[in-house]
Every structure is written in C-alpha cells, then in structure tokens.
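Only one structure is covered here, and it is reproduced in the block below.
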Amino acid sequence: MTDTSGAAALAQGAVRQPGRFSVTDQVAVSLLWFALFANWLTVVPVIIPDQIASILGPGAAAKEGISGSILAIGAFMALVMAPVAGALSDRVRGAKGRRRPFLITGMVGACIGMALLVPFRPGSSILLYALAILNLQFWWNWACGPYAGLIPDVVPAQSQASASAWMNIMSILGTFTGNGIAVALYVHGHPGAAISGLIAINVICLAVTMYRVREPPAAGPACSFALGTFVRSFWLPPALHRDFYRVLVTRLFANLGVWSVLTFLLFYLQDVVGVAEPGHVLPMVLGIGALLGIPASLVAAWLTSRYGIVAIVRTTNWMMAAAAIAYVLIGLHPHLVAMAAVALVYFSGWGAYQAVDWALALRVLPKTEAAGKDMGIWHVALVLPQILGPASTGWIISGAKWAVSARFAYTLAFAIAALWFSLSAVLVARVRLTPAA
C-alpha cells in the first residue's frame, strides 16, 4: 500500500493507492468503523437514555425531552468537530500519513470519555452528565472526521464500491457486538462492565488498524495556515457541486427518520409496549437487526450493478418509510410479535441503505486533495439529524404524553419519521451521476 506516482502526487498531501487491495486490506481499513459503531449504537440508544432516566428518577415526565436535548448538544459538538478535524488532518505533514495522529488521540480520548460516564448514579448532576457527553462526542469526532478521509486516501478507485460494502459490514458487526456486550454485561444503573468491554474493542481495533494500514507520506499544503482561508475552504460552490449537495440533503432527511425514533426506543418499549427490562430487550433487537443488515447490504451492492446506486438508495428509503408507517398502525394496538416482524423490514432496509449510501457519497465527492474536509462536510448530514431529530421529537413526545397519552405520542413520532424517509426517497431521484472512472 505504497504510492509510486511521484513528487507531483505527493505535493497534494496523500493520494489513492494503485494496484490490488486485498480482503485483509479492506478489513483493516474498515476496522475502526467496527469500534465506532459498537460505541455509537450501544451508548447512544441504550446507555445514555437509561442513565438519564436513572439520574432523573423513576417516572420523570420530561425524560424524552431532556434525553433528546442532551444528545442534541453532544451531536452539535460532532457537527462542528468532524469537518474541522478532517480539514486539519488534510494539512498534516508526516512520513506515516496525515490521519494517524487524529485516530490515535481521538480513540484514546473516547476511551477516557466513556470511562467518565461510569460514576453517574441516581441524583447525580444532569448538567455534569451533559458535559461528559459533550466531551465524549468531541473525541469520537476528532477521530471520525479524519477517519472518513482515510478510505479516499488509501483505497484504489476500482475498490471503492467494495470498500463501501466492507465499511457497512464492519459497522453492522460492530453494532451487533456492542449490543451483545450490553445484553451480557449492562446492568441498570451500573454501566461499568459494559463500558469496559467497549473500551477494549476500541483499543484492539485501533492497534490493528495502526499496524496494518499504511498511509502514503503526506507533504501537506504548500502554504502556511491562514484562518480565513481555512474557514472559506468549507464552502463548496453549489453550482459546481450540485449532486454533492443533493446527496447531503437526502442523507440528512434519511437520518432524521432514523434518529427521530432510535433515541427513544428504550422508552417506547418501557412505556408503550410494557417491556419490564428494556435495557436487555433493546440491545437484542438492535443486534439481530444489525445482523440482518449484512445479507441486505450484500444484495444491495449486487443490485447497484444492475439498477444503479441512486435507484437502490431510493428503494431502501421507501422500505424504511413503509416500516415507520407500519409502526404508526402498530402503535395504536402494540403487539411485540408484529413489532418484530416490521423490524425485519426496517433493519433490512437500513442495512442496505448504509451500504450504498457510502458508495453514493464517494461518487459525488469533490475531486480534490482535501478528502478529510469534504468527507467531514458529508458527515454533517449524519450528525445534524442527531441534533434536530432527538431534540424536536423528544419534546414532541413529552408534550404529547402529557396532553394525550404515551401511545399517541409515539404514534406521532413514527409518523414524523415516515415523512422524513419519504422526502429522502423522493429527492434522491434528482441526483445525476457521471459514469464511474
């Protein structure tokens, strides 16, 4: 995985690698997604809501609104840090590449940040807890922004479609593993054992990635750092990058659909379905759903060669919209078996969507040396919904519960999610891709 294209290519900082990219290479370069998704899809939907409910006390009327607001504050940090860290990594000079320092410090910081969640107990300060989440989001995204630029740096163009599939497979396996840890080790009010397991995953994945992935040497930018130039670099003229912005908007809508309900599933199982131990049931649902995403993503990757990436992204959005509408109907008469059946459709659609979503982003990515910055901007379409979705839907649920009932509140939340998925499906059809190189 070394570059031989000469000094002109090195002057750009880092370039995509020519030649064969083996399965081992694909796994190694995608391995940190395994760790990050084990963190995100366990800490955010399971540990944080459970800890907030524990801190506020049983029966807290505004737990959805407060939980959504805290997650939104943390996501705002992610919104800022992912593109900023990505852009800073574009400028790093180093014989071992430009992403490595950010990956090491970010993942180590994330381990410390998760450890700081352990001491919180009933009656702890909710303000201090919000600050702990803010700190954790900082370190997650200090690593994530530059990491998003690593694949364009080291994966050959002809291997990027498979890199998208591998990224999705590793994120699915990470989600399954993280939730498996929660099922085995998480105890309400005592998250230490589960968080220790997540920290161990981070350390192992970081060590393997640093050992196996060889970035090309980075010469960095020719000019010195200037704040004004750095800030202006985040502006990409829409007239020149229409499809890039179209993908950003459709991805934003799709993730609004995801995060409008995912954050509150633990409370839904508890308050509407009547599950006695939602902290154990939800990780099992998420883990099984994640496994369904693997065959779905492989089928989606195969179908893109026949029908195109845009068509498959549109179809997967309609699948998730249909599942959300089904949950609207189920919300009127909750039944655990019916919920599980619809979950099969939803998670299949979500898994397939994630596989082709990354490939679509790579197709519309501006062709510059600033891949870390541009992928960081693209990452905003994942993070901004984590601000808007939990905050707005959380208070809608809390208000509707107070005014009508919990059942009505969550029926309304699923209807909102269906709207976001439908908008994404309609608007992605406007994306026009040029033939792949």
Mean projected area in nm² (Cα convex hull; one quarter of hull surface) for the range 17-117: 8.5 nm²
Tell me, what HN-Hα J-couplings in whole Hz come from the Karplus equation 6.51 cos²θ - 1.76 cosθ + 1.60 at θ = phi - 60° for each residue of the range 330-347, using x for Gly and Pro? 5, x, 6, 9, x, 8, 5, 5, 4, 4, 5, 5, 5, 4, 4, 5, 4, 6
FRET E, pair ARG306, SER124, Förster distance 60 Å, beta-carbon r, rounded to 0.05: 0.65
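Would you mind putting 177-183, 283-289, 93-99, 427-433 in packing order, based on average other-beta-carbon counts within 10 Å, highest first?
Working: 177-183: 23.9, 283-289: 20.1, 93-99: 18.3, 427-433: 16.3.
Sorting 177-183, 283-289, 93-99, 427-433 by mean packing, highest first, produces 177-183, 283-289, 93-99, 427-433.
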If you split all Cα-Cα distances of the range 393-437 into 5 Å bins from zero, what percentages do you get per bin, shortest first? 5, 20, 18, 12, 11, 9, 7, 6, 5, 4, 2, 0
Would you tally the net charge around ALA143, using a Cβ to Cβ cut-off of less than 13 Å, leaving ALA143 out, and scoring K and R as +1, D and E as -1? +2
Can you list the HN-Hα couplings for the range 386-395, worked out from phi with the Karplus curve (6.51, -1.76, 1.60; θ = phi - 60°), rounded to whole Hz and with x for Gly and Pro? 6, 8, 6, x, x, 5, 5, 5, x, 6
So what's the gap between the Cα centers of the range 26-73 and the range 347-361, to the nearest angstrom? 22 Å
With VAL187 itself left out, Lys, Arg at +1 and Asp, Glu at -1 over residues whose Cβ is under 11 Å from its Cβ give -2
Based on the alpha-carbon set only, what is the convex hull volume of the range 67-115 divided per residue, in Å³? 59 Å³
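For an R0 of 51 angstrom, estimate the FRET efficiency from the Cβ-Cβ distance between TRP402 and ARG93 and round to the nearest 0.05.
Calculated transfer efficiency: 0.35.
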How far, in nm, would the chain grow between SER196 and VAL275 when pulled straight, counting 0.36 nm per residue and subtracting the alpha carbon separation? 25.8 nm
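What's the FRET efficiency of LEU131 with MET284 using the Cβ-Cβ distance as r and R₀ = 30 Å, to the nearest 0.05? The partial results should precede the final answer.
Working: r = 31 Å, r/R0 = 1.04.
About 0.45, to the nearest 0.05.
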For VAL187, enumerate residues with amide H under 5 Å from its amide H, sequence gap 5+ or separate chain, H modeled in the peptide plane. ALA194
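No value in this document is a laboratory result; all are computed from the given coordinates. Since this is a predicted model, take the numbers as computed values, not measurements. With ideal geometry, Cβ positions are generated from the backbone for all residues, glycine too; neighbour counts draw on all protein chains shown.
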